[in-house]
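A quick write-up on the structure given underneath.
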Amino acid sequence: MIFNKIEEYLVYGIAAALLYITWKGISNFLFSPIRHLHLPGPIPAKLTSKWLLMHDLAGHRTEKVHSLHKQFGPVVQVAPNEISFADVACIKDIYGSSTTCIKAPIYSKIGKLGLFQMRDPEQHRARHRRVSPVFAQNILLQLEPLIQEQVGILMDVVERKAGKAFDALHWMRMTALDVAGEILLGKSFDSLKGENPPPYTHYLDNVHLVFALWDLAPWLCFILSRIPLHKFQEFWKAGDYLYEYGDNALRSYIALYGRKSSRYDLLTKLIAGNAAQSISPLTDEEISIEISNEVLAATDTTGNTMAYALYQLCCNPKWQQRLRNELRGSDGREKSWSFQSVQHLPVLHAVIMETLRVYPAVPCGLPRITPPQGTKVGNLFIPGNTPLSMQAFTTQRDPSIFPNADTWDPERWISTLGGTVEMKNALLVWGRGTRICLGQNMAMMEMKIVITRLIERFTIIVASQRTHDDMLITDHFALIPKGGRCEVVFELAK
Ligand code: HEM
């Protein structure tokens, strides 16, 4: 009797859930604020935003959206109220300096409020004015010894491991982490000095997932994060750990060097402000948030890009030899491979640019929303508060600008003397406009120094066929090689 009742309730429950889901889908479709635009797109995307979310969670959002553009054209409806654009001419409308679109609400859920997360243009402008001077090229050149020192430690690791399988993804990440620590926190993580990564990397690995889960199901996360199991607690505290680490680093730095030190790193400059330009320093709390955010922004982006550059040099031995010839034919050696001695070498530049094009570290759409009054994007008028985006992975594979777009071919940057105007316009790898990456000069300097010193000295091949599978792409906002490793073998070059 009691079982019959339970069965009955279960049937009612399932029927109610199905009814709700059907109604939700139909109402999403019928009452979508962008329905009148009659945009092409897959049917499931017009019924529910969960469809794209599933691809996102599976790590294939970027590739899915890219294939939708191939199928449906340059404007695609990817959710009941969300549009993806692929026409390069629209970049300026969505991301350009005079755009009226702002960062989407998701940014306020990614960690603590710093420059990267700020959505209000006024608030961002004020913070940008105080932080961006620190990243100027002339200041970065003064930091070069700190980068060269870390790369020197990397060279010792590679030399020790020459002839054996070497996980280039791991060691490039550790290099980027140690450089970021040295420049932004005032001390390296010393991860290049040990075999095991420092605890920081464990939290770094989890932090994006933790932020994403909080956004998806805050109540469930609240409950799960209170389960008193060590492993659970460790997982959920990823964000807190990274910010605490930054805060402690700032305190130790001030205790060690004071507020006016002669040490050349970005932290010194942030702490000091710039009286000559009437730039007052940020508060200690603001500084600790900025430096914590920046270590996050700097590590996997730069590390993954360097790993993909090395991987492609394995796959293309002719380019590897051409690069080595260029480096050895330059006066770089006499100048201890200083950045200035190699920064304008065309093959080196082309190898880095082509890697940034094919493997943008943030490959997916950078989410924005239109202003309340709506705005024009290309020829379309988009209603207010509509989420929209463009993805670097797609603009940088526009076949009318990059023939054989899926092929890694540095020649396209050499034959055009560093890239045509169209090629440069299609690059979204650093973002665009007022929200463009602040660390691009630092990243370029680091990547050029690392690739120079490794390729000048060593030859590199893949350790086995498995490396090709490992380096297929997945993404969770950032690009993540599928296998989580990139096994290669270095040998001393003749
Ligand atoms: C290959 C390396 C890198 C790539 C491809 C990259 C890419 C990007 C992209 C696409 C954005 C824009 C995000 C958006 O609009 O949503 C961004 C923003 C930012 N990046 Fe990078 N990044 C790299 C390295 C770095 C480094 C080394 C640092 C700092 C040391 C850094 C600091 C920042 C900051 C502070 C922002 C926020 C700028 C703002 O909103 O005003 N990045 N980066």
Tell me which of these S341 doesn't satisfy, since it passes every other one: (1) away from the ligand (no atom under 13 Å from the Cβ); (2) closer than 23 Å to R453 by Cα; (3) part of a loop (DSSP other than H, G, I, E, B).
-> (3)
Top-ranked residue of the range 405-434 - restricted to ones that are assigned to a helix (DSSP H, G or I) and without any contact (Cβ under 8 Å) to a residue 12 or more places away in the chain, ranked as farthest from the ligand (Cβ to nearest atom) | V421
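Considering only residues that are under 13 Å from A463 (Cβ atoms) and surrounded by 14 or more Cβ atoms within 10 Å (Cβ to Cβ), which ones fall in the range 149-164?
First, pick out the residues of the range 149-164 that are under 13 Å from A463 (Cβ atoms): 161-164.
Selection gives K161, A162.
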Considering K70, K64, K92, which residue is out of contact with any Pro (no Cβ under 6 Å at 6 or more places or on another chain), over 28 Å from P44 (Cβ atoms) and of a type in the set (K, R)?
-> K92
Out of the residues in the range 100-148 that are at pLDDT below 95, polar (S, T, N, Q) and away from the ligand (no atom under 12 Å from the Cβ), state the one that is surrounded by the most Cβ atoms within 10 Å (Cβ to Cβ).
-> S108
Determine, yes or no, whether F477 is modelled with pLDDT under 95 and either within 16 Å of the ligand (Cβ to nearest atom) or under 21 Å from the mean Cα position of the chain (by Cα) (or both).
-> yes
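The values are calculated or read from the model by the stated rules, or taken from the named source; none is laboratory data. Predicted, not measured: the structure shown is a model, and the values here were computed from it. Here the Cβ is made from the backbone with ideal geometry for all residues, glycine too, and neighbour counts use every protein chain on show.
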